[in-house]
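Let me begin by presenting the structure, written as structure tokens, before commenting on it.
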Amino acid sequence: RPFAEIRDVAMRYGGVEGTLALRGTTMMVEKGEFIAVVGPSGCGKSTLMRLVTGLWPATEGSVIVAGREVDRPLSIAGMGFQNPTMLPWRTILQNVMLPLEVVEPHRRRLRAERAAYEAKARALLASVGLAGFEKRYPWQLSGGMQQRASLCRALIHDPQLLMLDEPFGALDIFTREDLWSVLQDVWIERRPTVILVTHDLREAVYLADRVLVMSSRPGRIIAEQVVPFGRPRR
Ligand code: ADP
Ligand code: ADP
């Protein structure tokens, strides 16, 4: 069975009179697949992400991930957004390690456990080209570097599902293309299931195995295309 099953989902914000953001959306994602979701602004892409990760409950329909009905925020998901939202008073390394505190805030940890976690954060940072920047603060890094660090933070718990909402939208085209290869390497090496939301069709075709196209009013998936060629061979 598919890794993620989204069946006939509808989402209305703010009660019966509210905005119908999604209707009749069905989407199946296989384990390890890289999916891109494209569509105009306001068509419901972020809403779809919130439903799949359990940040919002769907008004109608069912969302099943890894065989379980999603009824609370998914702990197996790592998330990335257009705005990397790093805490400015913490170093890059501390920002990448943040999920450790968020997941079990009150548990005391052994020194060895913390050390292992830190080693993992450092290795991740090195793998995206940020070795040597661990002790810098977010505001000392360029937007592209912050986005690399934010990808590390999303990966720190080895998520089975990586949800990326316009992660490179704020970057210039050169930086964006650098980040494409970073993300591609991450995917080749770790094979998380990836759902990438983007406005950029070129980005979608470059990175994804399959592209879903959404339209608005109300948002739904109107087309689906397997990417047949054009990507580097793996
Ligand atoms: P983006 O498309 O860049 O992610 P949006 O402008 O769609 O940003 O939304 C920014 C934030 O405002 C989101 O968190 C979204 O939930 C919220 N938002 C968007 N539209 C509405 C709305 N009509 N009412 C209340 N909040 C909204
Ligand atoms: P996209 O990510 O494709 O830009 P969104 O999922 O953010 O689209 O928005 C889809 C629709 O839902 C839009 O009409 C938007 O205004 C509305 N919407 C999004 N978030 C909220 C919210 N928190 N409250 C009310 N309406 C919202």
Item to complete: Would you check if there is a residue in segment 49-56 being charged (D, E, K, R), closer than 21 Å to V226 by Cα and near ligand 1 (Cβ under 10 Å from one of its atoms)?
Response: no
Worksheet item: Is it the case that segment 33-40 has a residue that's of a type in the set (D, E), in contact with a Ser or Thr (Cβ under 9 Å, 6 or more places away or on another chain) and not in a helix (DSSP H, G or I)?
Response: yes
Worksheet entry | Answer from S41, S75 - the residue that is hydroxyl-bearing (S, T, Y), away from ligand 1 (no atom under 16 Å from the Cβ) and under 21 Å from the mean Cα position of the chain (by Cα) | S75
Worksheet entry | Test for L130: is it more than 16 Å from ligand 1 (Cβ to nearest atom), buried (at least 17 other Cβ atoms within 10 Å of the Cβ) and either outside any loop (DSSP other than H, G, I, E, B) or on the phi > 0 side of the Ramachandran plot (or both) | no
Response to the item:
Within segment 137-172, the count of residues that are among the hydrophobic types (A, V, I, L, M, F, W, C), in contact (Cβ under 8 Å) with a residue 60 or more places away in the chain and assigned to a helix (DSSP H, G or I) comes to 4
Worksheet item: Quick one: which of R122, R90 is among the basic types (K, R) and either in contact (Cβ under 8 Å) with a residue 60 or more places away in the chain or under 18 Å from L183 (Cα atoms) (or both)?
Response: R122
Fill in: A115 over 30 Å from D178 (Cβ atoms), within 16 Å of ligand 1 (Cβ to nearest atom) and over 18 Å from the mean Cα position of the chain (by Cα)
no
Worksheet item: Among the residues of segment 37-68, which ones are more than 9 Å from ligand 2 (Cβ to nearest atom), surrounded by 15 or more Cβ atoms within 10 Å (Cβ to Cβ) and free of Cβ contacts under 8 Å to residues at least 60 places away in the same chain?
Response: L51, G54, L55, A58, T59, G61, V63
Fill in: Of the criteria (1) within 13 Å of ligand 2 (Cβ to nearest atom); (2) at pLDDT 95 or above; (3) among the hydrophobic types (A, V, I, L, M, F, W, C), which one F34 fails
(1)
Worksheet item: Could you say whether any residue in segment 59-72 is within 16 Å of ligand 1 (Cβ to nearest atom) and modelled with pLDDT under 95?
Response: yes
Worksheet item: Just checking, which of V226, V197, V182 is under 11 Å from V37 (Cα atoms) and aliphatic (A, V, I, L, M)?
Response: V197
Discussion item. One residue is enough: does segment 13-21 have a residue meeting the conditions surrounded by fewer than 17 Cβ atoms within 10 Å (Cβ to Cβ), within 15 Å of ligand 1 (Cβ to nearest atom) and among the charged types (D, E, K, R)?
Written reply: yes
Discussion item. I'd like to check something: does segment 204-221 contain any residue that is surrounded by fewer than 14 Cβ atoms within 10 Å (Cβ to Cβ), over 17 Å from T26 (Cβ atoms) and at pLDDT 90 or above?
Written reply: no
Discussion item. I need every pair where a residue in segment 12-28 that is within 30 Å of V226 (Cβ to Cβ) has its Cβ under 7 Å from the Cβ of a residue that is assigned to a loop (DSSP other than H, G, I, E, B) and more than 9 Å from ligand 2 (Cβ to nearest atom), sequence separation at least 6 or different chains.
Written reply: M28/P2
Worksheet item: Pairs, please: C-beta under 7 Å, at least 6 apart or cross-chain, first residue over 14 Å from Q147 (Cα atoms) and in segment 173-192, second at pLDDT below 90?
Response: I188/R234
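The values are calculated or read from the model by the stated rules, or taken from the named source; none is laboratory data. Remember, it's a predicted structure, so these values are computed and weren't measured experimentally. Note that each Cβ is placed from the backbone with ideal geometry, even for glycine, and that neighbours are counted across all protein chains shown.
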